[in-house]
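Down below is the structure, laid out as structure tokens.
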Amino acid sequence: MRAIENIIIVGSGCAGLTAAIYCARASLAPLVIEGSQPGGQLTTTSEIENFPGFVGGINGFELMDNMRKQAGHFGARFLSDSAISADFSGDVKKIICGSSTFEAWAVIVATGAAPRMMNVPGEREFFGGRGVSVCATCDAPFFRKKIVAVIGGGDSACEEASFLAKFCEHVFVIHRRNELRASKIMADRILNNPKISVLWNSVLHEIFGDEKVRGIKIKNVSDGAISEIACNGVFLAIGHVPNTAPFKSALAMDEFGYIMGGGQSLVETAIGGVFAAGDCADKKFRQAITAAAMGCMAAISAERFLSDRV
Ligand code: NAP
């Protein structure tokens, strides 16, 4: 019989690893269940220029590798497995991974979110440093005076397009309908910006290039006509999917699947001893630094929960 862990952290992105550093330094010897993408979303980006403390930027993989080593140095343990379900009904919380069940007095869920992809030719090939991105805040400065396309018509697409327009020569927004889903204020911002054009009733059909992106093909949904646009970058902004499926029956979620709070702080769920941090619980900011901050808050809250129990 496996011993009951002090704390299990599910997920090993910025939120999970920051929580692991704090829990490990508090001598809780956390068990981190790393998931299918150890290091999380940042391992798929190239240079990160907005994480405080790195004047010349830092490679995403390196940043996450450093965090993992830092957590390990203080006694965090790592398990290369993925949670498939959870049972938080009793004092002892259960995380089920395939045929093994792990038990703990406290759990931090930090499973992140995945950007929704279009699954068109070229998308995977040019992703991460070669022209296809899912984060304007991270990558816009690499497209100074260049032409880019943003895919989507929601608040994210408008926000990305407005931000990119500050750097780029021109921004095309490709939207599949003839009206934006975005809130009026966000929509007006792009419709009134001379550096942004919206191409209506259009879907991304293909991304092409050589070493880097050189252009896209878009398909008009009304008549099926395919046309080409020369551009250097493609920003996908068609929403995110939180990685919360394993917790569907265990935790309250909003209509999009983001874990909802319910406790007294940002990271507390309605279940005592269960905390949620990072993109699985935050659809608004979704930044490395905000995920790290939530991981820190969750770890401190978990530590207090555990010490109150003794
Ligand atoms: P969203 O509201 O779900 O919008 C996704 C957009 O992508 C929609 O325009 C949708 O088209 C399009 N889309 C989805 N799948 C597609 C596909 N396969 N092919 C082509 N287009 C596709 O997602 P979001 O913009 O990421 O926003 C998510 C939530 O976060 C929203 O509640 C939003 O208000 C919030 N948010 C808030 C802010 C802010 O307040 N500053 C910023 C960003 C996001 P249709 O319109 O045709 O469905």
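The values are calculated or read from the model by the stated rules, or taken from the named source; none is laboratory data. From a predicted model like this one, the values you see are computed outputs, not experimental measurements. Reconstructed Cβ throughout: ideal geometry from the backbone, glycine too, with neighbour counts over all protein chains shown. Protein only, heavy atoms only, side chains kept; ligands, DNA and RNA dropped before computing areas. Shrake-Rupley method; radii C 1.70, N 1.55, O 1.52, S 1.80 Å.
For the set Lys69/Lys248; Lys93/Lys248; Lys217/Lys248; Lys93/Lys284; Lys219/Lys248; Lys146/Lys283, the pairs lying more than 26 angstrom apart at their alpha carbons are Lys69/Lys248; Lys217/Lys248; Lys93/Lys284; Lys219/Lys248; Lys146/Lys283.
Spacing of the modelled spin labels on Val241 and Lys166, each 7 Å from Cα toward Cβ, amounts to 3.2 nm.
Calculated FRET efficiency, Asn192 to Ile147, Cβ-Cβ distance, R0 = 25 Å: about 0.80 to the nearest 0.05.
Note on the chain: GNM, Cα springs under 10 Å; of Ser12, Ser99, Ser249, the largest mean-square fluctuation is that of Ser99.
Could you tell me the distance between the Cα centroids of the range 107-168 and the range 1-24, to the nearest Å? The distance from the Cα centre of the range 107-168 to that of the range 1-24 comes to 30 Å. Using 19 Å as the cut-off for backbone N distance, which residues of the range 31-59 belong to the label zone defined by a point 7 Å from the Cα of Glu211 along Cα→Cβ? Taking a point 7 Å out along Cα→Cβ of Glu211, the residues of the range 31-59 whose backbone N falls under 19 Å are 46-47.
Annotation: His73 carries an accessible surface of approximately 140 Å², with a 1.4 Å probe and no ligand, DNA or RNA atoms counted.
Here the extension length gained between Thr101 and Phe54 equals 13.0 nm, from 0.36 nm per residue of separation less the Cα-Cα distance.
According to the square roots a ≥ b ≥ c of the eigenvalues of the Cα gyration tensor, what is the shape class of the range 30-122, taking rounded for a/c under 1.5, prolate for a/b larger than b/c otherwise, and oblate for the remainder? Judged from the Cα gyration tensor, the range 30-122 comes out oblate (a/c at least 1.5, b/c at or above a/b). Sites counted here are chymotrypsin sites (Phe, Trp or Tyr not before Pro) in a DSSP loop (not H, G, I, E or B) having no more than 15 other Cβ atoms within 10 Å; the longest part of the chain that contains none of them is 55-255. At a probe radius of 1.4 angstrom, the accessible area of the chain per residue rounds to 48 square angstrom. Across Cys23, Cys158, Cys168, mean-square fluctuation computed from a Gaussian network of the chain (C-alpha pairs under 10 Å connected) peaks at Cys168.
Would you please state which residues of the range 150-183 a label at Trp200 would reach in this model, taking the label point 7 Å out along Cα→Cβ and a backbone N cut-off of under 11 Å? Flagged as within label range: 177-180.
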